[in-house]
Amino acid sequence: MSEGLRLRLMRRAGLAERLRGFFADRDVVEVGTDLTVTGVTDVHLDSVALADGGYLRTSPEFAHKRLLAAGAGDLYELGPVLRAGEHGRHHRRQFWMLEWYRVGWSAERLAEEVVELVRHAGPDRSWTTKHTTWTDEARAVLGFDPHDADRERLSGALPDAPPGLDRNGMFDWLLAMHIQPRLPAGQLTVIHRFPASQAALARISPDDPRSAERFEVFAGPLELANGYHELTDPIEQRRRFEADNEQRRRLGRSPMPLDTALLEALDAGLPDCAGVALGFERLLMAVHGLDDIEDAAG
């Protein structure tokens, strides 16, 4: 075995041990869920199909919510997920995901725990922390409130954006190409309150219907985690799944089957909770100052 490979394996094992200790100290139970799933409707994700039916999971999220609805309480999972079409310095087709849920917590409280976990994972790193909102970061780039802007105004303010993007596509471009690159090294940046149109599986903010109770955490410009105050309404969840599939059709992509087991779990009663997914290899990159995700792979 080469020294480089052994170092990577030791780093992975050491981080996994630290993460498990972090949750053990907080009475969060480790679970293991199925790798074969229904698939996801998310327009930005491609599930890997199996020859005999079903898909390999892009996340354990739906399985976790079924456990939560059954009364499992606070839980986490650390293990592999697969996404077709993922490649690059910060992306792999197969990677490890750390996902966890806290019953009765807000998105803000869970975001603080993510920061605590990152500090615990790399105690030798010195991080500053900044909490901000998507709207404030977008306004700093654009010079106006993006919630009040139509696609044409956004396009005029983002002349480098590819042609044909819809309004949400403009929001994605704004974050990836203009907000993230400005985030300073050595800082953990927590961006709260994404646009309601990008709520995904998060609740809409009761005090601002333009925003969702969703956050992302970045180490420098590197995205680490994506979290929600979870949507518990099965009717709204079905509507969002169907809207995703309609968008997939418009883009010439195949619609995905709905996870009816998840909808049934929501109907039975998902407790008020917050959840977050964090990339294990990306956390390794942040902790050890790595530039390429392959240097964090097992």
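The values are calculated or read from the model by the stated rules, or taken from the named source; none is laboratory data. These numbers come from a predicted model, not from an experiment. All Cβ positions, even for glycine, are placed from backbone atoms using ideal geometry, and neighbour counts span all protein chains on display.
Filter the range 228-263 down to the residues that are closer than 18 Å to LEU67 by Cα and not in a loop (DSSP other than H, G, I, E, B) and list them by number. Of everything in the range 228-263, those that are closer than 18 Å to LEU67 by Cα and not in a loop (DSSP other than H, G, I, E, B) turn out to be TYR228, HIS229, GLU230, PRO234, GLN237, THR260, ALA261, LEU262, LEU263. In the condition set (1) within 21 Å of LEU110 (Cβ to Cβ); (2) among the β-branched types (Val, Ile, Thr); (3) surrounded by fewer than 20 Cβ atoms within 10 Å (Cβ to Cβ), VAL43 is compliant with all but (1). Counting the residues of the range 148-164 that are out of contact with any helix residue (DSSP H, G or I) (no Cβ under 7 Å at 6 or more places or on another chain) and surrounded by 14 or more Cβ atoms within 10 Å (Cβ to Cβ) gives 2. Taking only the range 257-276 into account, find how many residues are within 17 Å of the chain's Cα centre (by Cα) and surrounded by fewer than 20 Cβ atoms within 10 Å (Cβ to Cβ). Qualifying residue count for the region: 0. If you check ILE204, ILE235 for being crowded, with 16+ Cβ neighbours inside 10 Å and either out of contact with any Asp or Glu (no Cβ under 7 Å at 6 or more places or on another chain) or not hydroxyl-bearing (Ser, Thr, Tyr) (or both), only one passes: ILE204. Does ILE293 satisfy the criteria of being modelled with pLDDT under 95 and more than 28 Å from LEU67 (Cβ to Cβ)? Against the criterion (modelled with pLDDT under 95 and more than 28 Å from LEU67 (Cβ to Cβ)), ILE293 qualifies.
Can you say whether THR58 is in a loop (DSSP other than H, G, I, E, B) and more than 25 Å from VAL115 (Cα to Cα), as far as the supplied structure shows? So THR58 does not fit the description; no. Note on the range 1-14: among residues that are buried (at least 17 other Cβ atoms within 10 Å of the Cβ) and in contact with a Gly (Cβ under 9 Å, 6 or more places away or on another chain), the one that is modelled with the highest pLDDT is ARG12.
Considered as a group, the residues in the range 207-232 that are more than 12 Å from VAL276 (Cβ to Cβ) and of a type in the set (S, T, N, Q) include one that is surrounded by the most Cβ atoms within 10 Å (Cβ to Cβ), and that residue is SER211. Of all residues in the range 88-104, one or more are without any contact (Cβ under 8 Å) to a residue 60 or more places away in the chain and charged (D, E, K, R). The set of residues in the range 183-204 that are in a loop (DSSP other than H, G, I, E, B), out of contact with any His (no Cβ under 9 Å at 6 or more places or on another chain) and under 20 Å from GLN237 (Cα atoms) comprises ARG193, PHE194, ALA199, ALA200, LEU201. For the range 15-32: of the residues being under 16 Å from PHE280 (Cα atoms) and aliphatic (A, V, I, L, M), which is surrounded by the fewest Cβ atoms within 10 Å (Cβ to Cβ)? Per the stated criteria, the residue is ALA16. Within the span defined as the range 11-25, every residue fails to be more than 19 Å from the chain's Cα centre (by Cα), in a strand (DSSP E or B) and within 26 Å of ALA202 (Cα to Cα).
In the list LEU75, LEU117, which residue meets the criterion of being surrounded by 18 or more Cβ atoms within 10 Å (Cβ to Cβ) and either farther than 30 Å from ASP291 by Cβ or free of Cβ contacts under 8 Å to residues at least 24 places away in the same chain (or both)? Exactly one of LEU75, LEU117 is surrounded by 18 or more Cβ atoms within 10 Å (Cβ to Cβ) and either farther than 30 Å from ASP291 by Cβ or free of Cβ contacts under 8 Å to residues at least 24 places away in the same chain (or both), namely LEU75.
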